[in-house]
Structures are given as C-alpha cells and as structure tokens.
1. Within the stretch 1-38, track down each residue that is within 6 Å of the ligand (Cβ to nearest atom), exposed (fewer than 11 other Cβ atoms within 10 Å of the Cβ) and not in a loop (DSSP other than H, G, I, E, B).
2. Can you find, within the stretch 39-66, the residue that is surrounded by the most Cβ atoms within 10 Å (Cβ to Cβ) among those that are under 18 Å from ALA14 (Cα atoms) and touching an Asp or Glu at 6+ places or on another chain (Cβ under 9 Å)?
3. Here is a check on your reading of the model: is TYR69 open to solvent by less than 80 Å² (accessible area, probe 1.4 Å) and either in a loop (DSSP other than H, G, I, E, B) or among the hydroxyl-bearing types (Ser, Thr, Tyr) (or both)?
4. I'd like to verify a number: residues in the stretch 45-69 that are under 19 Å from SER19 (Cα atoms), under 12 Å from the mean Cα position of the chain (by Cα) and either near the ligand (Cβ under 6 Å from one of its atoms) or among the polar types (S, T, N, Q) (or both), how many?
Amino acid sequence: MFSAECAQCHGRTARGMASFPTLRNISAPMLAEKLTKYRAGEAIGPNSMLMFPVAENLTDEEIELLTTYIADTFN
Ligand code: HEC
C-alpha cells in the first residue's frame, strides 16, 4: 500500500523530495495523528491540500498498519 499510494510523493524510501516531506524519524503514533488530521480536513503545513484526498479514504485500521509499517521500515 505504501508503494502504491504514498511512494510517488514521499519517495520509495520515504525520504521525501522537494515540497514532499520525509516520513523518516517520525514515530508511528505521530504519523497516525497527522494522517488522522488530514483525514478530518485539518491543515498541518502549507501543502496539506495534497494530503486531504490521500487520507480521506483511509480507515483507522489502514492508518494503523501503514504508520507501523513506515516507522518500522524507514526509521
Ligand atoms: C500527491 C502527493 C502525496 C501523496 C500521494 C502522499 N502524500 Fe503525504 N504529504 C504530501 C505533502 C505535500 C505533505 C505536506 C503537507 C502539508 O504541508 O501539511 C505530506 C505530508 C504527509 C505527512 C506529514 C509529514 C510531516 O512531516 O508533518 C504524513 C504523515 C504523510 N504525508 C503520509 C502519507 C502517507 C502514509 C501516504 C500514502 C497513504 C501519503 N502521505 C501520500 C504529499 C503526498
């Protein structure tokens, strides 16, 4: 799921690029908190608009699985 839905912006190794932030060195709970905010339509940074449609369709379970995967794999 990370490869299909996140890597095109955040990079295959979650390092980020240009205005796409790195997802490295962020704990799973912090990643989940941010995704939950985006899902609720709450802005975090200046480009949150790009994350709204991505987060909109995530279930709680998907957020949990994804953020655990990202933190375990890239931190
Ligand atoms: C269309 C490009 C794009 C896609 C696809 C995308 N992101 Fe993002 N993401 C961004 C941008 C741009 C930001 C910075 C948004 C802001 O300014 O708040 C961001 C921010 C984030 C943040 C907050 C990072 C921080 O440092 O505050 C998290 C967590 C995140 N994305 C996770 C994901 C996950 C997980 C996926 C896949 C389900 C994903 N993103 C897919 C563009 C994208």
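The values are calculated or read from the model by the stated rules, or taken from the named source; none is laboratory data. Bear in mind the structure is a predicted one, so any value in this text is a computation, not a measurement. Cβ atoms come from the backbone with ideal geometry, glycine included; neighbour counts cover every protein chain shown. Side chains are part of the model used for accessible areas, which takes the heavy atoms of the whole protein and leaves out ligands, DNA and RNA. Shrake-Rupley method; radii C 1.70, N 1.55, O 1.52, S 1.80 Å.
1. Keep residues of the stretch 1-38 that are within 6 Å of the ligand (Cβ to nearest atom), which gives 5-6, 8-10, 19-21, 23, 31, 34-35.
Add one more test, that the residue is exposed (fewer than 11 other Cβ atoms within 10 Å of the Cβ), and what stays is 8, 19.
Within the stretch 1-38, just GLN8 meets the criteria.
2. Among those residues, the one meeting the criterion is LEU66.
3. Numbers: open to solvent by less than 80 Å² (accessible area, probe 1.4 Å): no; either in a loop (DSSP other than H, G, I, E, B) or among the hydroxyl-bearing types (Ser, Thr, Tyr) (or both): yes.
No, not satisfied.
4. 4
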